[in-house]
Structure formats: structure tokens, C-alpha cells
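The values are calculated or read from the model by the stated rules, or taken from the named source; none is laboratory data. Since this is a predicted model, take the numbers as computed values, not measurements. In this analysis, Cβ positions are derived from the backbone assuming ideal geometry, glycine residues included, and neighbour counts consider all displayed protein chains.
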Amino acid sequence: MNDATKRIAILDDYQGVALTSADWSPLRGRADVTVFRDHLADREALARRLAPFDAICVMRERTPVDAALLAALPRLRLIASTGGSNASIDEEAAAARGVEVVHTHYSSTPTIEFTWAAILGLVRGIATEAASVRAGGWQVGLGTELRGKTLGIVGLGRIGSRVARIAQAFGMHVIAWSQNLTDDDAAAAGATRVPKDALFARSDVLTIHTRLSDRTRGLVGADQLAAMKRSAFLVNSSRGPIVDEAALIDALRERRIAGAAIDVFAEEPLPPDHPFRTLPNVLATPHIGYVTEEMYRTFHGDTVTNLVAWLDRVAAVR
């Protein structure tokens, strides 16, 4: 590696597929790429790991890049993030330090499809029944039909509206609520806008599709869970902190709701001793709502394009 060669780190490549999801050859001879498959949460250890790199490639919100981490990385000049935005990057602090932040294209399709996989897996007890077969057993529970049931949606935007349309194919009634939702917008998605309290009280399946913000953090708390039917299911493939995790664990332990499918958590990766790993009425998945071959090809292909463009800009000012 000569002095002009840039050092690039790819973080949190859990499946080890970053380098096979795109053609990285345009970087050959111009950059030295290092892949890290593990997630490093310790801030000091992370800073030591990343100190030698000019650019880091981050996958959505897996590794936060805040002002403190940026201050520990004086060599860093580029953050290449997947997705159209990344709330875990302090872009203001990055700009103040002359660190450029770039993003990729993103599709909602994987999350929409995953939401229905989670709903169906939850209400039919797929994971439990499959585990029984693997253990040498047979049928152990009763599933729930969706036809005639009510799907409640928190957030009827790009993802929630398409989830609502699919619900109609199952013969479900769809109700929705969000802070800015109008009757017309709800009707356009085949849903009925209802007050927040009614959403939780009437839903047989409640699914969350709103952004994490100061307004939505803890939006689903103990009061909302207490208003739900004991036969109701909750699905969260949006962001973990939207739901009060402690309140949800209590509700699940006490069977005050029938179950939950959770793909996003307050802390990721999920700690080994977390209750979501063992509660029998939880279908927990490791934040895979957007994780598909097609989405990764978009993410990593766009990342290569972004890196080449950055290298070209660096070369132009020498």
C-alpha cells in the first residue's frame, strides 16, 4: 500500500457478504479494504480499531457514529452509510470535522414483506411448531386466523400504507393512527383513521411503521399495552425504542397480550440473557426486516459507487 492508498473499513458485516454483494474491483489499487464481521460496542476499543482508516462503511444503525467517536478519529474523512438516511450518525458533528457523509438508495419492499412474514409466523406459531418437529414432537398449539380480524397500524406512510393494502387480501379490517394522519390519507390506503386509544383497544394485530423521533420514543408504553386485548398480537419491525421494552416484557410475561414479533431492539445485538430470547410468546428476529440479497446488492453497489466518487474528488484536489 503506497501513501496515496486510502484505507477503508466495512463494519458489522454479520453474514460476511459485503464483498460478494457488489463488484469492488473499481477500488483496486486505489484503496485497501478491511472487513469486520463482528460488532464492537466498546467505544474505546472501537476508536482504536477505526483510527487507521480514512473511510468507514456503516450498515444502517448498527454502529452509531456520534460526536465522541468522531473526535477520536482525526484521520476519518468519509462515512459511507447504507440507506437514504441514518439517524445514528451525527452529521452536524461530522461536517464540523470535515467528514463527508454519503448514503445509498433504499427500498421498502423487504420490510413490507418481512412484516407479513412476522405476522403470519406469530399468529400461526410457526417457530414453536417447527421447533417441536425438530425436537421429535408434533403439534403443540393452535393458530389464529386473520380473516375478519382487525389490523391496527401505527404510522401509515410508505411502509404502513402498503402493509394495509396487503391486509385487505387476507380479509382484514384495517385501522390506523399517527400524529399527522388524515381521514383522506387513511382511506387512500384502505384504512380507517381512529383515535390513538381506539387503535390499541380494537386491534387484533398491531404493527408499528413510524420513524423513531422524540415524539415517538416510548410511544407504546404500559398504558397502551394495557388497553390491548388479551388475544392481541404486537409486531415491531420499525425501531426498538418506539416501544417501552420493560412494559412489553411485563405484558408478555403476564399474558396480558397474546404475543409479540420483535425485529428491532433498544440494544443491538440483543444481549445473551435478554428475556426476548426465552419468552415463549415472543417471535424474536435479529433486525432482518431489510436484510435480503437484493437490498444488499443495492446497498453495497451504491457504496462502491460512492467510494469511487469520493476517491475521484480526493485525487482532483491533490
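Residues of region 17-54 that are under 22 Å from residue 302 (Cα atoms) and assigned to a loop (DSSP other than H, G, I, E, B): 17, 21, 22, 23, 24, 28, 29, 30, 36, 37, 53, 54. Scoring residue 89 on the criteria (1) touching a residue at least 40 places away in the same chain (Cβ under 8 Å); (2) touching a Pro at 6+ places or on another chain (Cβ under 8 Å); (3) in the same structural domain as residue 18 (by TED's automatic domain parsing) leaves a single failure, condition (1). Give the residue that is surrounded by the most Cβ atoms within 10 Å (Cβ to Cβ), with candidates limited to residues of region 232-241 that are without any contact (Cβ under 8 Å) to a residue 60 or more places away in the chain and over 12 Å from the mean Cα position of the chain (by Cα). Only one residue tops the list, namely 234. Does region 217-224 contain at least one residue that is closer than 19 Å to residue 282 by Cα, touching a Leu at 6+ places or on another chain (Cβ under 8 Å) and in contact (Cβ under 8 Å) with a residue 60 or more places away in the chain? Among the residues of region 217-224, at least one is closer than 19 Å to residue 282 by Cα, touching a Leu at 6+ places or on another chain (Cβ under 8 Å) and in contact (Cβ under 8 Å) with a residue 60 or more places away in the chain, which makes the answer yes. Look at region 96-108: where a residue is in contact (Cβ under 8 Å) with a residue 60 or more places away in the chain and a partner is of a type in the set (A, V, I, L, M) and surrounded by fewer than 17 Cβ atoms within 10 Å (Cβ to Cβ), sitting 6+ places away or on another chain with Cβ atoms under 9 Å, you get 102/309.
Let's see how each residue does on (1) in contact with a Ser or Thr (Cβ under 8 Å, 6 or more places away or on another chain); (2) closer than 24 Å to residue 151 by Cβ:
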position	(1), (2)
260	no, yes
264	yes, yes
274	no, no
277	no, no
280	yes, yes
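Within region 285-318, the set of residues being surrounded by fewer than 19 Cβ atoms within 10 Å (Cβ to Cβ), within 14 Å of the chain's Cα centre (by Cα) and not β-branched (Val, Ile, Thr) comprises just one member, 286.
Does region 55-89 hold any residues that are among the small types (Gly, Ala, Ser) and either in a helix (DSSP H, G or I) or under 24 Å from the mean Cα position of the chain (by Cα) (or both), and which are they? Step through it out loud before you land on a result.
Pass one, region 55-89, residues among the small types (Gly, Ala, Ser): 55, 67-68, 71-72, 80-81, 83-85, 87-88.
Selection gives 55, 67, 68, 71, 80, 81, 83, 84, 85, 87, 88.
When restricted to residues that are outside any loop (DSSP other than H, G, I, E, B), over 15 Å from the mean Cα position of the chain (by Cα) and either surrounded by 14 or more Cβ atoms within 10 Å (Cβ to Cβ) or of a type in the set (D, E, K, R) (or both), region 90-111 contains 7.
Whether a residue is under 27 Å from residue 222 (Cβ atoms) and aliphatic (A, V, I, L, M) was assessed, and residue 133 does not pass this test. The residue that is surrounded by the fewest Cβ atoms within 10 Å (Cβ to Cβ), counting only those in region 202-215 that are closer than 22 Å to residue 282 by Cβ and out of contact with any Lys or Arg (no Cβ under 6 Å at 6 or more places or on another chain), is 210. I'd like the full set of residues that are without any contact (Cβ under 8 Å) to a residue 12 or more places away in the chain, in a loop (DSSP other than H, G, I, E, B) and among the hydrophobic types (A, V, I, L, M, F, W, C), limited to region 242-274. Matches in region 242-274: none. On the given criteria, is residue 7 exposed (fewer than 13 other Cβ atoms within 10 Å of the Cβ) and either free of Cβ contacts under 8 Å to residues at least 60 places away in the same chain or outside any loop (DSSP other than H, G, I, E, B) (or both)? Criteria not met by residue 7.
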